[in-house]
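Laboratory data are not the source of any read-out in this text; all were calculated from the coordinates shown. As the structure is a prediction and not an experimental result, all values here were calculated from the model. Cβ: placed from backbone, ideal geometry, glycine included. Neighbour counts: every protein chain shown.
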Amino acid sequence: MPSSSIEWLFPDGAGGARLERGVVRIPGGLPGDLVRWRPDGGRETAMVGALEAIERPSPERITPPCPWDSACGGCDLSALSGAGRLAALSRVAARAFGVDVDPPFFASPRAEGHRARIKLAIDGPAVGFRGERSHVIVPIEACRVARPEVVEALARLRPWVAEHGAGLESVEIRSDGARAVFAFTSNGPVQRSAFAALGDVALDGVVVAGDPTLTLRVAGLALRASPRSFYQVNLEVNERLVACVAGHVASLNPERVLDLYSGIGNLTLPIAALGVPVVAVEREGQATADLRANDRAWTVGRPKRAVIEVVEVNVERLDVARVAFDVAVLDPPRAGAPGVLERVTRQRPKGIVYVACDPVNAARDVRPLLKQGYRITSIECFDMFPETRHFETVVVLRRGNGA
């Protein structure tokens, strides 16, 4: 069996090594490891290897701190030290965008206890995370990456589900940094009267007990988040990301900003607070209702303010030609926004700020713009998901020369 030195990470977290005539992708290998592996698919120039043994561990390899690590699989890079992981992921971003310099990577202020949302599967009396690439439920007792109030809510949830889990499919424990609430989904009849014992609960997006609506503090603003509304899982890193985006938008001196995939207004309102009118686009649902409510609440005591226009439509169906703007901001889901930027650039905005949770998909979306006179002027990474391969990237493009 061959031995190879792992030199980098692929975007899916697998280790990468050079071969005489190509590369090999080895899941479980970390940069700096010397590993023994066996061929497990692929082709001669791009092989897949199954890890057989770690002959010499990387200096950055550590013992995963979670007792459920091997079964859960959620923290897929927990065996890589914090500094080593950020360096490796910064290189992932550089490779994705084809740049020579690894972009700066902003670490999470909380190395653990940072997640404000965790989603758990329910199967009768069992509740926990799904195993990696499995339907098996791992019944964890606590989650070290969850915020303390989320862990406390999980402790209350486990005995409750053991008694009342029938008809329930999943639950998301959600926190705004002060309190935790429950958002369940069902797949059959449930005992609704039992939810009152848990506190603040929504079932399939509808309030059934208490008040499961959260109030998030972002850039000095209070943002309402209903049970089905998305918000970033790391509240402290989100503050830094929002400040970064707002700063880049301000540097572009816009007259009007188009904010795509605006959600509850995580970026919309901080940009409008700069005094810039914003057109916020989000499909109809709880998020747009929250966005309108957040806009109304923000106007109280602020007679001089930028106008926020909310357009309720799927971004992919937006007729960009009917919207006036000179700077575009977008924060799409993990799949990215294929084709959207090409329609946006027909209006020749002078700048685009792209927030991405998948650098490969973002690079795919950005690549056509580089042939239309746009240049990448900034790439910054944010450790939104410590101990995992996932991270947020802010990419800035400007029309004209100069990279």
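Here the Debye sum runs over all C-alpha atoms of the chain as equal scatterers in vacuum, and log10 of I(q)/I(0) at q = 0.08, 0.12, 0.14 Å⁻¹ comes out as -0.48, -1.05, -1.30. Each of I352, M1, A88 was scored by the projection of its Cα onto the charge dipole of the chain, and the greatest displacement toward the positive side belongs to I352; charges sit on the C-beta of Lys, Arg, Asp and Glu.
Taking the helices alone, the chain has a mean residue ellipticity at 222 nm of -6500 deg cm²/dmol, built from -39,500 (n - 2.57) per DSSP H run of at least 4 residues and averaged over all its residues.
Rounded to the nearest Å, what's the spacing between the alpha carbon centres of segment 213-263 and segment 384-400? Just the number, please. What the calculation gives is 15 Å, centre to centre. Summing +1 for each Lys or Arg and -1 for each Asp or Glu among the other residues whose beta-carbon sits under 13 angstrom from that of V208 gives -2. Highest average first, the peptides 36-49, 213-226 ordered by how many other beta carbon atoms sit within 10 Å of their residues are 213-226, 36-49. Round to a whole angstrom and tell me the spacing of the C-alpha centers of segment 46-84 and segment 91-149. Here the two parts' Cα centres lie 14 Å apart. Taking amide H as placed 1.01 Å from N in the peptide plane, A50 has its amide H under 5 Å from the amide H of R38, D40, each at least 5 places away in sequence or on another chain.
Let's test the formula: R0 of 25 Å, r as the Cβ-Cβ distance of A162 and E132. What FRET efficiency results, to the nearest 0.05? Let's see the in-between values first.
Working: r = 24 Å, r/R0 = 0.98.
It comes to 0.55.
In the calculated pair distance distribution of segment 117-212, what percentage of Cα-Cα distances lie above 18 Å? Percent of Cα pairs beyond 18 Å in segment 117-212: 39.
Can you put E52, E141 in order, fewest other beta carbons within 10 Å first?
Ordered from fewest to most neighbouring Cβ atoms within 10 Å, E52, E141 come out as E141, E52.
Label positions at R18 and V323, each projected 7 Å from the Cα along the C-beta direction, are separated by 4.5 nm.
Using the Cβ-Cβ distance between A297 and E342 with R0 set to 41 Å, the FRET efficiency works out to roughly 0.70.
Rounded to the nearest 0.05, the FRET efficiency derived from the C-beta distance between L274 and M1 at R0 = 56 Å is 0.45.
With neighbour counts taken as other beta-carbon atoms within 10 Å, the residues K119, K350, K371 rank, fewest first, as K371, K119, K350.
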